[in-house]
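The values are calculated or read from the model by the stated rules, or taken from the named source; none is laboratory data. Computed from a prediction, not measured in an experiment: that's the story for all the values here. Cβ coordinates were reconstructed from backbone atoms using ideal geometry, including for glycine residues, and neighbour counts include every protein chain displayed. The area values use the complete protein model at the heavy-atom level, side chains included, leaving out ligands, DNA and RNA. Shrake-Rupley method; radii C 1.70, N 1.55, O 1.52, S 1.80 Å.
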Amino acid sequence: MAHAVPARGTSTGTSTGTSTGTGPGARTTTPDVFDERTHKVAKWAVPVGIGLVYGYWAASINRHGGPITGWNLLFGFLTVLAFVVLYAVVRAVAQRLPREGHAVLWGAFAGSALGFLYAQSGVAMFTCVVVSLLLAAAVFAALFYRYYTHEDATGHRIA
């Protein structure tokens, strides 16, 4: 028994979103299932949530297995505050930069965040710097590739 092959889109052949053109190179964008309010909440809730995990992690490394003290809690919450503020600044500034600067800025943020956590463990500073630079280089390479393949020659996002 012969079956028809579904067209582009889902397995049923129906389109999942709006098409950006016709022909073999046409892209179909996925529909946005969340409203504007949900995106605004997630824009801040996700970094704060990640910041809380980061602050707890930094505070637990800093106390070296000892008891939780008021100073340790203060350190954790100040770390959360610094992480969220720096994340917001990087997100705001990175959008205005070309793809190279955008990737460098996120790489520097990721490398610095890891370096700060690693330095809390008491290892040699040289080791912290090397590990941070390795992560920053990896993040830069991955993001540069992503931005390079998703932008046209003038730096506008394709999709």
>> Of everything in segment 59-116, what is of a type in the set (D, E, K, R) and closer than 19 Å to F144 by Cα? Give them in sequence order.
In response: R91, R96, R99, E100
> Is one or more of the residues making up segment 73-81 in contact with a helix residue (DSSP H, G or I) (Cβ under 8 Å, 6 or more places away or on another chain), under 30 Å from P31 (Cα atoms), in contact (Cβ under 8 Å) with a residue 12 or more places away in the chain and open to solvent by 30 Å² or more (accessible area, probe 1.4 Å)?
Replying inline: no
> Would you say G101 is part of a helix (DSSP H, G or I), at pLDDT below 95 and open to solvent by less than 60 Å² (accessible area, probe 1.4 Å)?
Replying inline: yes
>> Could you go through segment 15-38 and let me know if any residue there is part of a helix (DSSP H, G or I), modelled with pLDDT of 85 or more and farther than 30 Å from F116 by Cα.
In response: yes
